[in-house]
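Step one of this worksheet: look at the structure below.
Laboratory data are not the source of any read-out in this text; all were calculated from the coordinates shown. Here the structure is a predicted model, which is why all the values come from computation and not from measurement. Here the Cβ positions follow ideal geometry from the backbone for every residue, glycine too, while neighbour counts run over all protein chains shown.
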């Protein structure tokens with residue numbers, strides 16, 4: 001089994017996803033767009049992961065590979081591949097399916113709650129009623145056509161969505177480890193402008209290990225859900 005991930009910047013990698021997939025027996029391969037835009041044969045992968053990044057999905061002039069990446073994601077959806085998009089990755093899935101991506105009314109950076117939207121449909125992933133998660137985003141998106149909203153926050157209506165049975169987009173980061181949090185703070189420190197929904201560096205990095213364990217377990221639940229019919 002092969003999981004392929006699309007990485008946009010060196011400091012936003014798989015985090016807790018890598019050991020989870022390796023333990024499940026997956027081979028990990030990647031496209032690192034900051035090195036090469038070469039994409040694999042979709043027929044040879046079993047899971048597609050689309051990671052985060054500080055650029056916008058609308059920055060096609062600056063990052064022309066965004067065009068081919070969106071087409072690749074669109075083709076993966078049509079083939080029925082399990083797909084997980086995180087932050088920029090979720091926005092790329094939304095854009096690839098025709099939804100509008102635009103600046104949110106404010107940035108969310110740090111640890112803030114999201115609220116799961118309950119569903120009786122067992123084919124839809126269910127989030128807890130409320131859970132503290134790690135955010136780092138300034139843009140949002142319209143819900144893609146045919147998608148189900150899975151979660152929202154106080155200042156962002158579309159925090160998570162699902163398309164069909166095997167595509168999930170998350171505006172927030174559940175894969176974040178303490179090391180990954182330090183990496184993104186180090187590389188994106190200029191975003192930490194005091195605001196109601198932007199925490200300080202100290203607030204972001206001082207959370208207890210249990211907070212990371214909680215979100216990483218939730219990420220594992222999502223992966224299990226996406227891969228429940230795999231293999």
Item to complete: For every helix of n ≥ 4 consecutive DSSP H residues, a contribution of -39,500 (n - 2.57) applies; sum these over the chain, divide by its total residues, and give [θ] at 222 nm rounded to the nearest 500 deg cm²/dmol.
Response: -8000 deg cm²/dmol
Discussion item. Please list the three semi-axes, largest first and in whole Å, of the ellipsoid equivalent to the stretch 51-144, using sqrt of 5 times the eigenvalues of its alpha carbon gyration tensor.
Written reply: 24, 19, 10
Discussion item. Under 8 Å for C-alpha pairs, at least 6 residues apart: give me the relative contact order for the chain, rounded to a whole percent.
Written reply: 19
Practice prompt. Round to a whole angstrom and tell me the spacing of the C-alpha centers of the stretch 99-141 and the stretch 1-30.
Written response: 22
Worksheet item: How long, wide and thick is the stretch 2-226, going by the Cα atoms along their three principal axes, in whole angstroms, largest first?
Response: 44, 43, 36
Response to the item:
Yeah, the stretch 1-124 with a ≥ b ≥ c from its alpha-carbon gyration tensor (a/c under 1.5 is rounded, else prolate when a/b outruns b/c, oblate otherwise) is rounded
Response to the item:
Note on the stretch 94-153: the mean projected area of its alpha-carbon convex hull, in nm², is 4.6
Discussion item. Looking at the chain as a GNM with Cα springs under 10 Å, which of 14, 92, 192 has the largest mean-square fluctuation?
Written reply: 192
Worksheet, complete the sentence: Most exposed to least, judged by fewest other Cβ atoms within 10 Å, 155, 208 sort to 208, 155
Fill in: DSSP-defined beta bridges in the stretch 2-226 - what % are antiparallel, rounded to 5
55
Worksheet item: With a ≥ b ≥ c the root eigenvalues of the C-alpha gyration tensor of the stretch 57-112, is it rounded (a/c under 1.5), prolate (a/b larger than b/c) or oblate?
Response: oblate
Worksheet entry | Distance between the stretch 36-96 and the stretch 158-192 - C-alpha centres, whole angstrom | 15
Worksheet item: Using r as the Cβ-Cβ distance of residue 196 and residue 59, and R0 as 30 Å, what FRET efficiency do you calculate, to the nearest 0.05?
Response: 0.65
Worksheet, complete the sentence: Heads up, the stretch 131-231 by the C-alpha gyration tensor (a ≥ b ≥ c square roots of eigenvalues; a/c under 1.5 rounded, else a/b over b/c prolate, else oblate) looks oblate
